[in-house]
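Engineer: Supplied in structure tokens, the structure appears directly below.
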Amino acid sequence: MMGKKLFAATIGAGFMSASVQAADVEVIHWWTSGGEQKAVTVLAEEYNKLGNDKWVDTAVALGENARSLTMQRILGGDAPGAAQFNTSRQFEELIEEGLLLDLTPVAEKEGWKNFIRPSSILNPCMKDGGIYCVPVNIHSNQWLWTNKKVFADVGVKEPHTWEEFLTVAPKIQAAGYIPLAFGGQGWQERHVFDVVMIGMTDEKFWNSVWKDKDPKAASSDKMRKVFETFGALRQFTDAGAPGRNWNDATNMVITGKAAAQVMGDWARGEFAAAGKVAEVDYGCIPGPAKRPSLTLGGDAFIFPKSSDKNLEAAQMKLASMMLSPTIQAKFNNTKGSLPVRADVDLDVADACMKKGLALLDDPKATITPANNYITEDTNGQVQDLVSTFWNEPSMSVDTALSIFKGIIEDAE
Amino acid sequence: MEETMVTSAKVSKPRRTKRVQISSLLASAPMAIVAIGVFVVCVGYSVVLSFTKSRLFPNFNWVGLDQYERLWGTSRWIVSVENLFLYGVLFIALCLVSGFFMAVFLDQKVRFESGFRTLFLYPYAMSLVVTGLVWQWMMEPSLGLQNVVQRMGWESFEFAPLVDPQYAIYGVLIAAVWQSSGLVMALMLAGLRGIDGEIWKAARVDGIPTWKTYFFIVLPMMRPVMITSVVLLAVGVVRVYDLIVAQTGGGPGMSTEMPAKFVIDHITARGNVGLGMAAATMMLLPVLLVIGPWIYREYVRPTKH
Amino acid sequence: MEQIQLTGPHGPKPKKTTVSRLGVYAFLFSAAVFFCIPLYVMLITSLKGMPEIRLGELFSLPGDPSFAAWVKAWGEACSGVECNGIQTGFWNSVKITIPSVAISIILGSINGYALSFWRFKGSNLLFGLLLFGAFVPFQVVIFPLIIFLREVGLYGSLTGIILIHTIFGMPIMTLLFRNYFSSLPDELFKAARVDGANFWQIFFQIMMPLSIPVTVVAVILQTTGIWNDYLLGLIFAGRENLPMTVQLNNIVATTFGVREYNVNMAATILTALVPLAIYLLSGKYFVRGIAAGAVKG
């Protein structure tokens, strides 16, 4: 078996060096906001500079839609050259079905395991001894982005915990601002829920729910408090929220219509693109929590297997490029995310990024995202529940808790 | 006649008859392939998958009725079915009523009849994506219809159904009725024109008021047109997907989710084909129960030309 | 004379009471307004600039009408990172619609012809199954069809999406032509048979020329139907062939801080233009088309 594989690899390599033909690598991703586009353009341009292979861009608004397209295309035998996922269990079945290119040859040659940090970010990529995806950045979700001018105008301090937020929010509202800029899309509702959950509890509790899938934790008083706080936020959003894209909500904070937004660190890219200065024009509060924890998630690319050796070579080249120190620096600086390797020069790290870096260096402050532990199916069930709860104030916390307990109980 | 033709063909050109039959069978091959291949085999395959634990890719790990059990325990599915019923009943009723009235009023020898007809029916030429997007814009809470009326002085006026989970489904309903009621109008008008003119004379002689004639004499005579309309509208109801995706995306929350969207979401992003196919099978059942006997009675059983 | 009688209004002779006449017109005018508002709003929004839209005067005429939003929607609006406007979608829809319409009509007419004049054992059952297909929700067959197209290597190709439209168009087309051919006098067919004409000869020389009116109906029905399709295009067309409706939805979903309602509405009108033009030009054929499929002949 091993020998056969090796044999195939040598033949492949020999063939490649003999006649390398240019290939088009189609990349499906969901980076469509202004800041994200700039970042993905870095990847595309740098890749096209490398040789004759071409980056063919397929951008689809909304992560769910992009992943859905990738799945369909792979199912239909029309797989793209590469596709974006979250570093999670989203593509687990693709690995099990043997549909993804094993990147081990490049990974070993370049020593990915030695320089990728934190090592946990590589975990979802590894299965049965193979490496099937390339993490390109680290994102943390737990940030409250604020408009400093609005807070100064209202005369309240920026909140650092959810309790504080709930006390200042009515004052902000009374002053005619929207306290919480929000986009009513399933994933955003879920995002705020997760942020509230970790902000109100701690890593131990987080793991007992998502990792250990403990139904007792899922129906505990702590969880009840999470649902209550989450529900209390409804009144501080505006009527136009349903269906709004996240970057449009960020824009409300940028333009001073709203006071704050809960969003991942990628929101920084939008502030930067609008020419705003961190900790001067806008603030970034990790958590919010007394002891803020950040999830270590990120974006990763998978490379579907193909019979075309030229494409395979081009895929390997792209995988390798995505992790190279210069690209890591350029890409992550533009996108507002953190590089996955430590030896990268972050010269333009602004105040907010530095806050994030400091927290990431503290192992106690980092946690694993929920979707590393639960399947996309379970994740979807949780999202449906959270979304229903958010939009139906008539749904009691008791009902929500019992459904949540059921989902966690049945999770695989 | 038939007899002579067949015998003469047999006598003079026996070979040709055979070739002719073969070419007729050959010509029907695409139809047979689609009818059996797609509408029997594919449908069957979907039903079979609903008894398996298939995730993104089909597999045959049998789980019996587990997927159905989970389906009916999933609040999103139950909400979808409830939405479909509410939307379907109201949609069909509103289209029938408004279509009937439009047809009757147009049938009063009015001026500009064809102009009115053109206006009532044009939305039906538009795609549901277009319909959804236009109405989404009209129902925008801060710049849409609500804002205009409020500015005219009616401060308490509220019309932003799409951002309120309780009313979102009615927002979709308005758009759908706008798009489809012209269809019913056209069918009903054709029906009215097909009614014997003597009826009016007779009613006039008996001194029956016009409205009574419409409701108690004409309407019952239009039963076939009504059935046609209901069937056409019902097919659209079960399939409703584009409109939802364009207008609300299923939100806010689950408030405008529909079975058709449930299936598509589960066979793609959610990666749970087993559950998705169980849902699809549930969508198929009413069609099978209602349409099946009708097709059999109307088309399959009668063999005479 | 009788012809006119049949197509003209058929209701009771209006009494001369002006009040009820007024009521009739009042109803018709208010209905007309309801149907027109969205088109009107779409049009004027597309001609306004964003600052004017932000004033919140939904119904006011544009102060400074400009086609800038139209130009942007056609050639520059972004769907994801690609900013080529909706024009690619337009041409894709053309590429998909023309062959799909042609093939489904050819097959439908042959089917209808065979079912009307060349019945064979089981042809009724076959037709029943096909008809059932007209009512089956797409969702029930989409997944198996993805697998099928993968196996034949057509998933995500132009041929694939044309094949899909042909399949889903076949029931209604067959029904349309079957009903039409069934209404033709039997003698026509029998006479041709006596003259020794075969299956194809009768079809091409007698039936085709006779079926021009129903073909016009079929073209209108299929063109609007396929142009307006969203779901099948989304799933089967593949990246290079996404139809206009799908691209429209993608453009609207892509935002950069604010929704550009004028560009969105311009793109929406552009997408609706083709079926709208067909509708306005075809008049009574359009009505016949929508009725034809379901009314038993």
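The values are calculated or read from the model by the stated rules, or taken from the named source; none is laboratory data. The model shown is predicted, which means the values in this text are computed figures rather than measured ones. Because the Cβ atoms are built from the backbone with ideal geometry, glycine has one as well, and the counts that use them run over all protein chains shown.
Engineer: Would you call B:ALA176 in the same structural domain as B:MET226 (by TED's automatic domain parsing), at pLDDT 90 or above and within 30 Å of A:PRO242 (Cα to Cα)?
Structural biologist: So B:ALA176 fits the description; yes.
Engineer: If you check A:GLY77 against the conditions, is it surrounded by fewer than 21 Cβ atoms within 10 Å (Cβ to Cβ) and either in contact (Cβ under 8 Å) with a residue 12 or more places away in the chain or more than 18 Å from the chain's Cα centre (by Cα) (or both)?
Structural biologist: Yes: the conditions hold for A:GLY77.
Engineer: Name the residue that is surrounded by the fewest Cβ atoms within 10 Å (Cβ to Cβ), counting only residues in the range C:217-227 that are within 21 Å of C:THR159 (Cβ to Cβ) and either at the interface with chain B (Cβ under 10 Å from one of its Cβ atoms) or of a type outside the set (A, V, I, L, M) (or both).
Structural biologist: This residue is C:THR223.
Engineer: So which of B:GLY171, B:GLY207 ends up being at pLDDT 85 or above and buried (at least 17 other Cβ atoms within 10 Å of the Cβ)?
Structural biologist: Of the residues listed, the single one that is at pLDDT 85 or above and buried (at least 17 other Cβ atoms within 10 Å of the Cβ) is B:GLY171.
Engineer: When A:GLN315 is evaluated against the numbered criteria (1) more than 22 Å from the chain's Cα centre (by Cα); (2) of a type outside the set (Lys, Arg); (3) assigned by TED's automatic domain parsing to the domain that holds A:THR237; (4) buried (at least 20 other Cβ atoms within 10 Å of the Cβ), which criterion, by number, is the only one it fails?
Structural biologist: Exception for A:GLN315: condition (3).
Engineer: Can you spot a residue in the range B:229-248 that is part of a loop (DSSP other than H, G, I, E, B) and without any contact (Cβ under 8 Å) to a residue 12 or more places away in the chain?
Structural biologist: no
Engineer: Follow-up question, since we're still on this one. Hey, among B:ILE36, B:ILE22, which residue is at pLDDT 85 or above and out of contact with any strand residue (DSSP E or B) (no Cβ under 6 Å at 6 or more places or on another chain)?
Structural biologist: When all the criteria are applied, what remains is B:ILE36.
Engineer: Pairs under 6 Å by beta carbon, first residue within 11 Å of chain C (Cβ to nearest Cβ) in the range A:49-70, partner outside any strand (DSSP E or B) and hydroxyl-bearing (Ser, Thr, Tyr), six or more apart or different chains?
Structural biologist: A:TRP55/A:TYR47; A:ALA59/A:THR32; A:ALA61/A:THR32; A:ALA61/C:THR254; A:SER68/B:THR268
Engineer: Another one. In the range B:226-280, which residue that is of a type in the set (Val, Ile, Thr) and over 16 Å from the mean Cα position of the chain (by Cα) is farthest from the other protein chains (Cβ to nearest Cβ)?
Structural biologist: By that ranking, first place goes to B:THR256.
Engineer: Out of B:ILE195, B:ILE208, which single residue is touching a helix residue (DSSP H, G or I) at 6+ places or on another chain (Cβ under 8 Å), facing chain C (nearest Cβ under 9 Å) and in a loop (DSSP other than H, G, I, E, B)?
Structural biologist: Result: B:ILE195 is the single residue among B:ILE195, B:ILE208 that is touching a helix residue (DSSP H, G or I) at 6+ places or on another chain (Cβ under 8 Å), facing chain C (nearest Cβ under 9 Å) and in a loop (DSSP other than H, G, I, E, B).
Engineer: Next up: Enumerate the pairs (first residue in the range B:61-75 and away from chain A (no Cβ under 14 Å); second residue anywhere and among the polar types (S, T, N, Q) and assigned to a strand (DSSP E or B)) with beta-carbon separation below 9 Å, excluding pairs fewer than 6 apart on the same chain, so at least 6 apart or on different chains.
Structural biologist: As it stands, the answer is B:TRP62/B:THR52, since those pairs meet every condition given.
Engineer: Given the criterion among the hydroxyl-bearing types (Ser, Thr, Tyr) and either touching a Cys at 6+ places or on another chain (Cβ under 7 Å) or not in a helix (DSSP H, G or I) (or both), identify the matching residue among B:SER46, B:SER80, B:SER54, B:SER98.
Structural biologist: B:SER54
Engineer: Going through the range B:21-42 one residue at a time, which ones are buried (at least 21 other Cβ atoms within 10 Å of the Cβ) and assigned to a helix (DSSP H, G or I)?
Structural biologist: Answer for the range B:21-42, where residues must be buried (at least 21 other Cβ atoms within 10 Å of the Cβ) and assigned to a helix (DSSP H, G or I): B:SER24, B:MET31, B:VAL34, B:ALA35, B:VAL38, B:PHE39, B:CYS42.
Engineer: With the condition kept exactly as written, say whether any residue in the range A:344-351 is farther than 25 Å from A:GLN37 by Cβ and of a type outside the set (A, V, I, L, M, F, W, C).
Structural biologist: no
Engineer: Assess whether C:ILE226 counts as being at pLDDT 90 or above, farther than 30 Å from A:ASP57 by Cα and not charged (D, E, K, R).
Structural biologist: no
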